[in-house]
2 protein chains.
Amino acid sequence: MTYKELSEQIFRKKSYLCVGLDTDPHKIPPHLANEKDPVFAFNRAIIDATADLAVAYKPNIAFYEAQGPRGWESLQRTLAYIPADCFTIADAKRGDIGNTSNLYARTFFDPEAAGLNFDSVTVAPYMGRDSVTPFLEYEGKWVILLALTSNLGSADFQRRRVSSESSDEQPLFEIVIKTAQTWANSEQLMFVVGATQADELGRIRELAPDNFLLVPGVGAQGGSLADVSRRGLTAAGGLLVNASRSILYASSGTDFADRARAEAQALQTEMAGYLATI
Amino acid sequence: MTYKELSEQIFRKKSYLCVGLDTDPHKIPPHLANEKDPVFAFNRAIIDATADLAVAYKPNIAFYEAQGPRGWESLQRTLAYIPADCFTIADAKRGDIGNTSNLYARTFFDPEAAGLNFDSVTVAPYMGRDSVTPFLEYEGKWVILLALTSNLGSADFQRRRVSSESSDEQPLFEIVIKTAQTWANSEQLMFVVGATQADELGRIRELAPDNFLLVPGVGAQGGSLADVSRRGLTAAGGLLVNASRSILYASSGTDFADRARAEAQALQTEMAGYLATI
């Protein structure tokens, strides 16, 4: 999906909601337990209930890997079921030396390899340029690079003050954002910025005025959609705000899909309001 | 496997060789193509040919993921086949927020989850403490944290000068090594240091006098076993030096296992010499 297509979808749906498919077999409503593939049955119902309200879906790969080969089959079925107009994100936090990153890229981008054809993958920056560029070699595919994450541990290294060529010290996450922009432009590169880091969002938007930002941490992790939107929205939209648990597990009963829709609808309505102001 | 057991194995086998199972279906000898699981058949032959010369095996998870569910089955079979006295490393470079790292830990450490029971997993440090500690909650299991990797991109962020509390600037990888030692001791924590970074190995050994170091980059990537050994060996051994392609693909014919053994034997003989001097 291109930058323009993603932007158009945002204004058509009046939404920049990404639904995180962190599907935990132990949390799925009990009545789905007899389905052949309960994880897929759950995801299908969630997608059916939210596809007109969400612009993106983000399966969290750990949840599928933790089920072994069966989990990868659930992931394949889920990805194939997501409507073509929605942007898809493999939240995998991969990154390795070049020949290995090549294979991770093939895994998530080449349907002939692992049966997956995601639009994008989240990548960890620690190993630098040659760990990231193999993902960029796939035309029309995106890298979503970790910059400033939503968890407490983001303070351990991401906020460390680093010497820069201009002699001013800058936090590591700013160096990551600046450096990565020399590897790819905003047509292929997004950054992960946690919603719990709204204070820094303004500064990050200055550093990356055109890049989409993937913002997890609204909902269960406590980030504010209002703060994120005020600081992050651009004329092209420029945001994908993810909610996972608050939507998926809004109910553990047979009404889970309806309740998921209601949660997504509330977020979309709020987003429509913010989009109307830009 | 405990620190003591790993150390004893090193002196018993006179080896600190780790064989990297970066098994590429397109590179395995053609005569294996008719096997039901060619990747496993290849790995089994490599393991049979090297198990008395190697103390550890390190499947590179990307190579298995890139085959989809079938690849995970090859990985399960391979791991089950590795002799119990050998240390096993899931080279996965994972790391995410706590509840997700929990699932990655379960994937690689809990056989009830994905059918895998590795001794250790490689972890990327960028997301900080709560992305790493879930792996440490498994008693007897290890985190092998990326510190200074073997690739060119290691210069992009790992070598950046960072302010520290002592006011002296230090490269980021040193901060990672110091900080991570407040999370776990050398019974559960190793560091990845590329063999191409031998100049820094002495300094890293000062910072982490007891931790095992996993050293990739000997062989195809050009690192020197002599340099690594001189700077990295300790009284407990303290090193796992990985070779992958130089062993696996020593021959593409029916003699591949014999040629792999000869490569491993050459490394083990050299290692025995270095071990005799400590």
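The values are calculated or read from the model by the stated rules, or taken from the named source; none is laboratory data. Because the structure is predicted, anything quoted here is derived from the model rather than measured. Glycine gets a Cβ as well: all are built from the backbone with ideal geometry, and neighbour counts include every protein chain shown. Accessible surface areas use protein heavy atoms only, side chains included; no ligands, DNA or RNA. Shrake-Rupley method; radii C 1.70, N 1.55, O 1.52, S 1.80 Å.
When B:Ser224, B:Ser252 are checked against the criterion of being open to solvent by 50 Å² or more (accessible area, probe 1.4 Å) and not β-branched (Val, Ile, Thr), B:Ser252 stands alone in meeting it.
The rows are residues; the columns are (1) under 27 Å from A:Ala51 (Cβ atoms); (2) part of a helix (DSSP H, G or I); (3) within 13 Å of chain B (Cβ to nearest Cβ).
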residue: A:Ser154; (1), (2), (3): no, yes, yes
residue: A:Phe157; (1), (2), (3): no, no, yes
residue: A:Ala184; (1), (2), (3): no, no, no
residue: A:Gln197; (1), (2), (3): no, yes, yes
residue: A:Leu201; (1), (2), (3): no, yes, no
residue: A:Arg205; (1), (2), (3): no, yes, no
residue: A:Ser229; (1), (2), (3): yes, yes, no
residue: A:Val241; (1), (2), (3): yes, no, no
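Scanning the range A:88-134 for residues that are within 15 Å of the chain's Cα centre (by Cα) and among the charged types (D, E, K, R) yields a count of 4. Scanning the range B:157-179 for residues that are among the charged types (D, E, K, R) and closer than 14 Å to A:Pro171 by Cα, we see that the one that is most open to solvent (accessible area, probe 1.4 Å) is B:Arg161. The set of residues in the range A:1-34 being of a type in the set (Ser, Thr, Tyr) and surrounded by fewer than 17 Cβ atoms within 10 Å (Cβ to Cβ) consists of A:Thr2 alone. For the range A:120-138, the set of residues classified as open to solvent by less than 20 Å² (accessible area, probe 1.4 Å) and either over 16 Å from A:Ile177 (Cβ atoms) or touching a helix residue (DSSP H, G or I) at 6+ places or on another chain (Cβ under 6 Å) (or both) consists of A:Ser120, A:Val121, A:Val123, A:Pro125, A:Met127, A:Gly128, A:Ser131, A:Pro134, A:Phe135, listed by residue number.
When the residues of the range A:133-152 are filtered to those that are more than 16 Å from B:Ala66 (Cα to Cα) and assigned to a helix (DSSP H, G or I), the one that is nearest to the other protein chains (Cβ to nearest Cβ) is A:Leu152. Could you grab me the full set of residues in the range B:111-132 that are in contact (Cβ under 8 Å) with a residue 60 or more places away in the chain and part of a helix (DSSP H, G or I)? Of everything in the range B:111-132, nothing turns out to be in contact (Cβ under 8 Å) with a residue 60 or more places away in the chain and part of a helix (DSSP H, G or I). Here B:Gln67 fulfils each of the conditions (1) assigned to a helix (DSSP H, G or I); (2) in contact with a Ser or Thr (Cβ under 9 Å, 6 or more places away or on another chain); (3) surrounded by fewer than 24 Cβ atoms within 10 Å (Cβ to Cβ); (4) at the interface with another protein chain (Cβ under 8 Å from one of its Cβ atoms) apart from (1). Within the range A:255-278, being farther than 15 Å from A:Ala51 by Cα and open to solvent by 30 Å² or more (accessible area, probe 1.4 Å) holds for A:Asp255, A:Glu270, A:Gly273, A:Tyr274, A:Ala276, A:Thr277, A:Ile278. The set of residues in the range B:107-119 that are out of contact with any helix residue (DSSP H, G or I) (no Cβ under 7 Å at 6 or more places or on another chain) and either more than 9 Å from chain A (Cβ to nearest Cβ) or crowded, with 23+ Cβ neighbours inside 10 Å (or both) comprises B:Phe108, B:Phe109, B:Pro111, B:Glu112, B:Asp119.
For every residue, the table says whether it meets (1) within 14 Å of chain B (Cβ to nearest Cβ); (2) part of a strand (DSSP E or B); (3) over 19 Å from B:Gly68 (Cβ atoms); (4) open to solvent by less than 10 Å² (accessible area, probe 1.4 Å).
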| site | (1), (2), (3), (4) |
| --- | --- |
| A:Lys36 | no, no, no, no |
| A:Val39 | yes, no, no, no |
| A:Phe42 | no, no, yes, yes |
| A:Asp52 | no, no, yes, no |
| A:Trp72 | yes, no, no, yes |
| A:Leu75 | yes, no, no, yes |
| A:Ala84 | no, no, yes, no |
| A:Asn102 | yes, no, no, no |
| A:Ala105 | yes, no, no, yes |
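Report whether or not A:Lys58 is within 13 Å of chain B (Cβ to nearest Cβ), closer than 15 Å to A:Phe212 by Cβ and either within 18 Å of the chain's Cα centre (by Cα) or open to solvent by 20 Å² or more (accessible area, probe 1.4 Å) (or both). Yes: the conditions hold for A:Lys58.
In the range A:180-193, is there at least one residue being of a type in the set (Phe, Trp, Tyr), more than 14 Å from A:Arg159 (Cα to Cα) and open to solvent by 10 Å² or more (accessible area, probe 1.4 Å)? Yes, some residue in the range A:180-193 is of a type in the set (Phe, Trp, Tyr), more than 14 Å from A:Arg159 (Cα to Cα) and open to solvent by 10 Å² or more (accessible area, probe 1.4 Å). If you go through the range A:204-213 and keep only what is surrounded by 16 or more Cβ atoms within 10 Å (Cβ to Cβ) and of a type in the set (D, E, K, R), you end up with just A:Arg205. Residues in the range A:86-100 that are facing chain B (nearest Cβ under 8 Å) and of a type in the set (Gly, Ala, Ser): A:Gly95, A:Gly98. Here A:Lys141 clears all of (1) open to solvent by less than 20 Å² (accessible area, probe 1.4 Å); (2) over 20 Å from A:Ala198 (Cβ atoms); (3) not hydroxyl-bearing (Ser, Thr, Tyr) except the condition numbered (1).
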